[in-house]
Amino acid sequence: MIFVDRIDAARKLADALAAYRGARPLVLAIPRGAVPMGAALAEALEGELDVVLVHKLSSRWSPEYAIGAIDESGWSFVSDPSDADEAWLNEEKARRLAGLRQRRAQYSPERPPIDPHGRVVIVVDDGLATGATMIAALHAVRAQGPQKLVCAVPVGAPDSLKKVEPYADEVVCLYAPWDFRAVGQFYSQFWQVEDEEVIDCLRAHRRRAAAHAAGGGVPPPQ
């Protein structure tokens, strides 16, 4: 299965998640790549959009290789502790945590994050490679008391999906190929998403939600 782009993947995910339409789900996208996808998914499911901020912890030997992930609270998940010593991990965690706090100020300057407590929450990413980032995201959201926590990805490595399952109430994955090597392998177009696009997506969604409320719709819960 090859997706045209992230929007095509979001539309296919929306079909798989159609049972949640009408429940005003909170769609939390993992920046940056999943935010345009999350925006399309939230619109299709008549839900709300926000971001859940986590960052991979990189190997000291290969910056692209994730040995774990960290969330905004400082909680971290280390999937491969043998790849880095304690001093390196502490430095990497401090760097990534500072970056997450800067990103939150950039993405949500006008209001706090939407509270997931008591909500149906769908955490979405554009693919699942090691699973470390998704595990950190699900852990962060679970700590805030959602009614139901769903992990949604278009494609994922089979072994990583198994690692993620204990952290979610439901895992929805459209394609889990045995020969998974990288997320971009399953997209015809897999452009780099920049911070400006993330900010634009969030602002556009908030404007639509405000216009809906002003037009007599039910204001989105906060």
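The values are calculated or read from the model by the stated rules, or taken from the named source; none is laboratory data. Here the structure is a predicted model, which means the values were calculated and not measured. Here the Cβ positions follow ideal geometry from the backbone for every residue, glycine too, while neighbour counts run over all protein chains shown. Each accessible area value is taken on the protein alone, full model and side chains, heavy atoms only, with ligands, DNA and RNA left out. Shrake-Rupley method; radii C 1.70, N 1.55, O 1.52, S 1.80 Å.
Numbers below:
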quantity	calculated
Residue selected from segment 68-89 under the condition closer than 30 Å to ARG207 by Cα and touching a Leu at 6+ places or on another chain (Cβ under 8 Å), by the criterion most open to solvent (accessible area, probe 1.4 Å)	GLU72
Number of the condition not met by GLU92 [criteria: (1) under 15 Å from ARG203 (Cα atoms); (2) part of a helix (DSSP H, G or I); (3) open to solvent by less than 50 Å² (accessible area, probe 1.4 Å)]	(1)
Close pairs from segment 55-79: first more than 21 Å from HIS139 (Cβ to Cβ) and in contact (Cβ under 8 Å) with a residue 24 or more places away in the chain, partner buried (at least 24 other Cβ atoms within 10 Å of the Cβ) and of a type in the set (Asp, Glu), Cβ under 7 Å, at least 6 apart	none
Subset of segment 141-162 [open to solvent by 50 Å² or more (accessible area, probe 1.4 Å) and touching a residue at least 60 places away in the same chain (Cβ under 8 Å)]	ALA143
Residues satisfying the stated conditions in segment 53-67, i.e. modelled with pLDDT of 85 or more and either open to solvent by 10 Å² or more (accessible area, probe 1.4 Å) or more than 18 Å from ASP126 (Cα to Cα) (or both)	HIS55, LYS56, LEU57
Test for ALA168: is it under 15 Å from the mean Cα position of the chain (by Cα) and open to solvent by less than 60 Å² (accessible area, probe 1.4 Å)	yes
Evaluation of LYS93 against (1) at pLDDT 90 or above; (2) within 23 Å of PRO36 (Cα to Cα) (one fails), failing number	(2)
Options TYR187, TYR175; residue that is among the hydroxyl-bearing types (Ser, Thr, Tyr), out of contact with any Gly (no Cβ under 7 Å at 6 or more places or on another chain) and open to solvent by less than 30 Å² (accessible area, probe 1.4 Å)	TYR187
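Each row is one residue, and each column tells you yes or no for (1) assigned to a helix (DSSP H, G or I); (2) modelled with pLDDT under 95.
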residue	(1), (2)
GLU165	yes, no
PHE180	no, no
GLN192	no, yes
LEU202	yes, yes
ALA213	yes, yes
PRO219	no, yes
